[in-house]
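Any read-out appearing in this document is the output of simple, stated calculations on the displayed coordinates, not a laboratory observation. This one's a predicted model, so the numbers in the text were calculated from it and none came from an experiment. Cβ placement follows ideal geometry from the backbone for every residue including glycine, while neighbour counts extend to all protein chains displayed.
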Amino acid sequence: MTREEAMELLKEYTKKPNLIKHALAVEGAMAAYARKFGEDENSWRIVGLLHDFDYEKYPDEKNHPYRGAEILKEKGVPQDWIDAIMGHAEYTGVERKTLMAKTLYAVDELTGFIIAVALVRPSKKLEDVTVKSVKKKMKDKAFAAAVDREAIKRGAEELGVDLDEHIQTVLDGLKAVAEDLGL
């Protein structure tokens, strides 16, 4: 599957601009990690782009990401992509065995949190967000309360990277797509 085909699939199932932006954010973070780890950036981008493509249509735990996995399987995408997408949702019970799967899990919550940090900055720009400002906001339980901080920490641990390094890598990935995110 090409990125263009992935984008068509995303837009076929996802109409809400914020969900599309989330997909683009995760794609950017996956690309940054693919470069860091010397992995296939195109594959990692597509997995990031498609990890929640079925969410708007099937938002409950009974269907997401199971329906998306079925659709991707029908389209002949590699099984490791499907496994990574299944593993990003802890409730599926799918073990994150590959570096790609561990990375997708690690960046998913953090991208949203970093974007929330950017949105409360006076400039509303990612370029003004630092690791220090992200960590400070992580301590504030009332800020972006829906974001699972333990999942963010667990993701960094699964990847075997220091939390500061993890935040910086994701931040760099987001900055690369800041214009697409409107930030």
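Set side by side, the residues 29, 23 differ, and just one is surrounded by 13 or more Cβ atoms within 10 Å (Cβ to Cβ), closer than 25 Å to residue 160 by Cβ and not acidic (Asp, Glu), which is 29.
Residues that are within 26 Å of residue 87 (Cα to Cα) and exposed (fewer than 14 other Cβ atoms within 10 Å of the Cβ) within the range 129-140 comprise just one, 135. Of the candidates 56, 5, 41, the single residue that is closer than 27 Å to residue 172 by Cβ, acidic (Asp, Glu) and within 16 Å of the chain's Cα centre (by Cα) is 41. Does the range 55-62 include one or more residues that are under 21 Å from residue 95 (Cα atoms) and not in a loop (DSSP other than H, G, I, E, B)? No, that holds for no residue. In the range 146-183, the residue that is surrounded by the fewest Cβ atoms within 10 Å (Cβ to Cβ) out of those that are in a loop (DSSP other than H, G, I, E, B) and within 14 Å of the chain's Cα centre (by Cα) is 148. Is it the case that some residue within the range 57-80 is surrounded by 14 or more Cβ atoms within 10 Å (Cβ to Cβ), in contact with a Ser or Thr (Cβ under 9 Å, 6 or more places away or on another chain) and under 14 Å from residue 26 (Cα atoms)? Among the residues of the range 57-80, not one is surrounded by 14 or more Cβ atoms within 10 Å (Cβ to Cβ), in contact with a Ser or Thr (Cβ under 9 Å, 6 or more places away or on another chain) and under 14 Å from residue 26 (Cα atoms), which makes the answer no. Annotation: of all residues in the range 32-54 being part of a helix (DSSP H, G or I) and aromatic (Phe, Trp, Tyr), the one that is surrounded by the fewest Cβ atoms within 10 Å (Cβ to Cβ) is 37.
Candidates 32, 6: the one that is among the aliphatic types (A, V, I, L, M), in contact with a Gly (Cβ under 9 Å, 6 or more places away or on another chain), at negative phi and touching a residue at least 24 places away in the same chain (Cβ under 8 Å) is 32.
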